[in-house]
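Participant: Okay, here's the structure, questions in a sec.
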Amino acid sequence: MFDFHNRRILISGGTSGIGRAIALAFQAAGARVTVTALNEAEIEAFAPDTRGINTVQLDVRDAEAITQLAAKLTELDILVNCAGMILRGGAEFDPIKFQQVIDVNLHGTLRLCTAFRPQLAASRGCIINVASMLSFFGSGFAPAYSSSKGAIAQLTKSLAIAWAAEGIRVNAIAPGWIVTALTQPLVDSPERSQTIIDRTPMKRWGEPHDVTGAVQFLCSPAAAFITGVILPIDGGYSVA
């Protein structure tokens, strides 16, 4: 639907799930895409799909590594922050584990945004952060994840205000129940999965490709006057 020929795009956490779908969609639209992964195993798993997509190992908790990457990628049009984590089984109630999730999901996003601010200002580019439907709801199972995604929404709005004068647009998507590795335990639970489907007006789980069109729209000239938006992509779950 969109032409991103020769646009330079960096996607953190871009080798799997939603990030992978976004990377492949932008690559198909002509973009020059770089994706990051936490480790070599993730890069190897992504290898069959690369076809010209550049892969970089990066831990978004490592500020120095991000600085080094920014020094190498001197030109950038679009930054998509997909790297994230969730801990299940009540682990996020532990203060140390809570901090780990916040450090990846929230601080990691901020580190990348600030590191690539000069490049994005030079190109009058844009940032897409990945929030969540839990940006709007609490979670009795994943308090750190929920808190981090609520903070992502406010960070997105704050950066949109702060950087608008530099021509940088900052928006976020808020995916609902999308089939990924993070949600697979719920997909595999007939009871939990059916509860989710029953509440979702569109009566199905989302797929990663359901997210890509909205991301490309927000990065396109069609959205030139849109910044600070948190866009739900959830089949109506948040309004049911």
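Every number in this text was worked out from the coordinates using simple rules, so none of it is lab data. Note that the structure is a prediction, hence the values are computed from the model and not measured. When we count neighbours, we look across all protein chains shown, and the Cβ atoms used for this are built from the backbone with ideal geometry, even at glycine.
Participant: Extending each Cα 7 Å along its Cβ direction at Lys97 and Glu166, get the distance between those two points in nm, one decimal.
Facilitator: 3.7 nm
Participant: Output wanted: per-residue J couplings in Hz (rounded whole) for the stretch 188-201, from phi through Karplus 6.51 cos²θ - 1.76 cosθ + 1.60, θ = phi - 60°, x for Gly and Pro.
Facilitator: Taking θ as phi minus 60°, the curve returns 7, 9, x, 5, 5, 5, 5, 4, 5, 4, 4, 7, 6, x Hz for the stretch 188-201.
Participant: Given the -39500 (n - 2.57) contribution per DSSP H run of 4+ residues, what per-residue ellipticity at 222 nm results for the chain, rounded to the nearest 500 deg cm²/dmol?
Facilitator: Details: 10 runs with 98 residues, N = 240.
Helix-only estimate at 222 nm: -12000 deg cm²/dmol.
Participant: Putting +1 on Lys and Arg Cβ atoms and -1 on Asp and Glu Cβ atoms, find which of Leu120, Ala23, Ala162 reaches farthest to the positive end of the dipole of the chain.
Facilitator: Ala162
Participant: Can you work out D for the stretch 8-239 in µm² s⁻¹ from Stokes-Einstein, where Rh is the Kirkwood radius over C-alpha pairs, the temperature is 25 °C and the viscosity is 0.890 mPa s?
Facilitator: 138 µm²/s
Participant: Can I ask one more? Run the dipole for the stretch 8-239 about the Cα centre, Lys and Arg Cβ at +1, Asp and Glu Cβ at -1, nothing else charged, and hand back the magnitude in debye, nearest 20.
Facilitator: Dipole size: approximately 540 debye.
Participant: Cross-link partners among lysines for Lys97, C-alpha distance below 18 Å, same-chain residues fewer than 8 apart left out?
Facilitator: Lys97 reaches Lys149.
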